[in-house]
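Comments concern the structure below.
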Amino acid sequence: MIRVLVWNEYIHEKDPNNASSTVYPHGIHNAIAGFLGKEEDIEVTTATLDDENCGITDEVLKNTDVIIWWGHCGHDRVPDVVAQKVHEAVLNGMGAVFLHSAHKSKPFMRLMGTSCSLIWRESGDTERVWVSKPSHPIAAGIDTCFELEADETYGEPFGIPNPDDIVFMGWYSGGEVFRSGVTFTRDNGRIFYFQPGHETFPTFYDPNVQRVILNAVRWAKPDVRTENVMDCPNPPSRNK
Ligand code: ZN
């Protein structure tokens, strides 16, 4: 079984004046957990900012193979110590999938070490998500491209280090392009960032988006899981 933890700040969806409260009445985390939980090889739990320590402890991370992260206006409310725990868990092998505005989340920024900035616009542009690396496991079952009737526009330049792979490229009816699906490796951990998923659009109900997230979970699950990747061992010589 792949043990998945879906983490969501869960702020917008609780605000009755925010459209996301009707699009995701039970929160984005439960929308994602809902479709992942139908898979026989996946065991899914959720956590939010409302939980003590954001629902993230050493024990929780030890029992998580892949974490999925959605955040937006509450990035600063995630304590640094929690971000550090997630960061180190990834270095030790835990997979991580960062969605949409999680590009500015503390764990993602720590893992990238760059600005992670981009341009953005909420104008309901149509987005076409193009598969730029069809052989990548995260693109399995996805056609040449798929279209999202409306999502928030994100555009280049995207302040990330050079990715291992650019699996998807986004094009918007407003003219922008964006590296919408990119992978990274950090020590033993695999990381996928995926751009679709603004809170006021039903993006996480889209079958293609669901397929990409499911593929990403299976791809990111650890091959090896260490506990002390931060240590620098000092062994005796093997030749004496
Ligand atoms: Zn957004």
Task: Cα-based reach from residue 221 at 19 Å (exclusive), listing aspartates and glutamates while leaving out same-chain residues under 8 positions away - done: 39, 40, 41, 43, 58, 59, 65, 88, 164, 165, 187
- [ ] Give the longest segment of the chain that steers clear of GluC sites (Glu not before Pro) in DSSP loops with at most 14 neighbouring Cβ atoms within 10 Å, not counting the sites themselves.
- [x] 41-121
TODO: Enter the angle in degrees (range 0 to 90, nearest 10) between the Cα long axis of helix 207-220 and the first principal axis of the Cα atoms of the chain, meaning the one along which they spread out most.
DONE: 10 degrees
TODO: For the chain, go through all pairs of different Cα atoms, get the mean of 1/r, take its inverse, and jot down that Kirkwood value in Å.
DONE: 18.1 Å
Open item on the list: 5 Å is the cut-off here: which amide hydrogens, built 1.01 Å from N in the peptide plane, fall below it relative to residue 152, excluding neighbours closer than 5 in sequence?
Closed with: 197, 198
- [ ] Could you line up 172, 205 from fewest to most neighbouring Cβ atoms inside 10 Å?
- [x] 205, 172
Task: Order of 7, 130, 69 under a 10 Å beta carbon neighbour criterion, fewest first - done: 130, 69, 7
TODO: Please list, in chain and number order, the residues 5+ apart from residue 167 or on another chain whose amide H is under 5 Å from its amide H, with Hs placed from the backbone.
DONE: 181, 182, 183
Task: Rounded to the nearest 20 debye, dipole of the chain from Cβ charges on Lys, Arg, Asp, Glu - done: 860 debye
- [ ] Just add up the charged neighbours of residue 222: K/R +1, D/E -1, any other residue whose Cβ is under 9 Å from the Cβ of residue 222.
- [x] +1
Task: Under the Karplus curve 6.51 cos²θ - 1.76 cosθ + 1.60, θ = phi - 60°, whole-Hz ³J(HN,Hα) for the stretch 136-150, x wherever Gly or Pro sits - done: 6, x, 6, 8, 4, x, 9, 5, 3, 7, 9, 10, 10, 4, 8
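A short reminder: the numbers here are calculations on the coordinates, not readings from a lab. Model, not experiment: these values are computed from the prediction. Heads up, the Cβs are rebuilt from the backbone with ideal geometry, glycines too, and the neighbour counts pull from every protein chain shown.
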